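For reference, the structure discussed in these notes is given below.
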Amino acid sequence: MEAVIIGGGVAGPVAALALRRIGWDVTIYEAYADPAGDVGSFISLGANGLRVLDAIGAGRAVTARGTAIPLLRLWSGRGRLLGEAPRGRVTLMRGHLVETLRDLAIDAGACLVTGRRLQDVRNGTATFADSTANPRATSRETVQPDGGHRHAGQPATADLIVGADGVHSRLRTIVDPGAPAPVYAGLWTVSGRSTHPVEPGAFNLVFGSKATFVYAATAAGTLWSAQVPSRTRPAAYLGHESLIELYHGDRGPAARIIEHTDQWHPFTVLRRLPSVPRSHRDAMVLLGDAAHPIGAGQGASLAIEDAVVLAKCLRDRATVTDALAAFDRLRRPRTDRMLKAAGVNSGAKIAGPLAARVRDALMPVLFRRFATRGSAWMYDYDVEWQTPVATVSA
Ligand SMILES: Cc1cc2nc3c(=O)[nH]c(=O)nc-3n(C[C@H](O)[C@H](O)[C@H](O)COP(=O)(O)OP(=O)(O)OC[C@H]3O[C@@H](n4cnc5c(N)ncnc54)[C@H](O)[C@@H]3O)c2cc1C
């Protein structure tokens, strides 16, 4: 059996790795050569994402590229500790995560073609446009005598086409031309690496008076991210000085951390998408952000879960059609629940002054009560790789 995967970000290489484990031939087509694509920021993987990577033998390599951070701490803009929970995460640069996953997929026998952007799928055949002057194929297979590769430069037909092509997914509109389009989520973000030292061991989230601020000490330096509410989608980044100004009235290290930034990551607006009515059609299926761009620090972990559950369904069901139906049944309740949780999470970041006061007053009590038990469904998830899909209930 053969799969074509569109997108070599997070879900794509993990799907490739999992599909190689069940004996499929896999080719990934990726629009960009650079593993950071157009999002050069850092990613923090939750315990659920890491557990699933472990299940397919990728956990150790990914963890080795990042910093394990055992605690989550929430702060008010006035410097009050609102909550603390043992919430193990590994934080690493997105480029390093993608690079590691791509290398593992290639080592497992997948082929990666970069510089090729999906254009269309007709009668099960995917067509591509060159998105760089120099499309490249990398695999352990022998490269053809002309220096080319059997996969590069041609339309691709396979038993399954997997859309791991992110929030602006082209495959989503091919699977369902009526699929919702992502909309601006009311927050924009910019991030960076700072030389300002902070206490190690905690991933800190500060609900500042005007904007949220995230920071953590990592092996690469202090990584930070500002998440700024704005009713309308900003046309351009307001600039570093104005960003620092947003945090000047608050207690806490935000302004100092930003002032000592030695590496800036791109300005990005955050987008949300309601649950897609169709995650699959014919022999095409959507994974990760293509189906459900999710905030709450869970987007990459959910993309990883999707990819491995898909491979399990294909392993255990007699036909691709049955496998895709099982995939949707297994994944939809969880992704819908996560979309809801992410909505609550971004609501807390967008809160006006009155709602912010209520949040700061209630959070210490609510967080203590619900931090561990109330969010166990999110972090304790296990893909149970060995358990056949037929016996796993949604
Ligand atoms: C600023 C920011 C910070 C984030 N922080 C976190 C975090 O801390 N923790 C977390 O879990 N999640 C985080 N996320 C979310 C996380 O990055 C995504 O949920 C995750 O990357 C989704 O993986 P994916 O493979 O579905 O999509 P992507 O990682 O976006 O990969 C999609 C890939 O498809 C390629 N592509 C797109 N269109 C085409 C096409 N037509 N043809 C071929 N290739 C194509 C793209 O170039 C890209 O490489 C963050 C997101 C942003 C924007």
So what J values fall out for the stretch 212-219 if you push phi through Karplus, 6.51 cos²θ - 1.76 cosθ + 1.60 with θ = phi - 60°, rounded to Hz, Gly and Pro as x? 8, 9, 10, 8, 7, 7, 10, 4
Compute the angle between helix 11-21 and the longest alpha-carbon principal axis of the chain, please, reported from 0 to 90 degrees and rounded to the nearest 10. 50 degrees
Normalized C-alpha radius of gyration of the chain, against 2.2 N^0.38 Å? 0.99
Could you give the length gained by full extension between SER242 and ASN134, i.e. 0.36 nm per residue of separation minus their alpha carbon distance, to one decimal place? 34.9 nm
Please give me the summed charge of the neighbours of ALA158: other residues whose Cβ is under 10 Å from its Cβ, Lys and Arg +1, Asp and Glu -1. -3
Using alpha carbons only, how many angstrom separate the centre of the stretch 44-64 from the centre of the stretch 211-288? 23 Å
If you add up the charges near THR127, with Lys and Arg at +1 and Asp and Glu at -1, over every other residue whose beta carbon is less than 12 angstrom from its beta carbon, what do you get? +2
Exactly which chymotrypsin sites (Phe, Trp or Tyr not before Pro) in the stretch 204-252 are in a DSSP loop and have at most 11 other Cβ atoms within 10 Å? none
Using helices alone, what [θ] at 222 nm do you get for the chain, with -39,500 (n - 2.57) per DSSP H run of 4 or more residues, divided over all residues and rounded to the nearest 500? -10500 deg cm²/dmol
On C-alpha positions alone, give me the angle between the axis of helix 353-370 and the longest principal axis of the chain, in degrees, nearest 10. 70 degrees
For ASP382, net neighbour charge (Lys/Arg +1, Asp/Glu -1) across residues whose Cβ lies under 15 Å away: -1
Which value in Å is the Kirkwood Rh of the stretch 208-308 over different Cα pairs? 16.3 Å
Charges at C-beta only: +1 for Lys and Arg, -1 for Asp and Glu. How large is the resulting dipole of the stretch 88-131 about its Cα centre, in Debye rounded to 20? 180 debye
Beta bridge orientation in the stretch 1-96: antiparallel %, DSSP, nearest 5: 70 percent
Fraction of beta bridges assigned by DSSP in the chain that are antiparallel (%, nearest 5): 70 percent
Given DSSP loops and a limit of at most 10 other Cβ atoms within 10 Å, what is the longest stretch of the chain that contains no such trypsin sites (Lys or Arg not before Pro)? 232-372
Remind me, relative contact order of the stretch 89-144 in percent, using alpha carbon pairs under 8 angstrom and six or more residues apart? 34 percent
In a Gaussian network model of the chain with springs linking alpha carbons closer than 10 Å, the residue among GLY343, GLY23, GLY59 that fluctuates most is GLY23
With axes computed from alpha carbons, what is the tilt in degrees of helix 299-316 against the longest principal axis of the chain, rounded to the nearest 10 within 0 to 90? 30 degrees
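Throughout, read-outs are computed from the coordinates displayed, never taken from laboratory work. Everything numeric in this text was worked out from a predicted model, so none of it was measured. All Cβ positions, glycine included, derive from the backbone under ideal geometry; neighbour counts span all protein chains shown.
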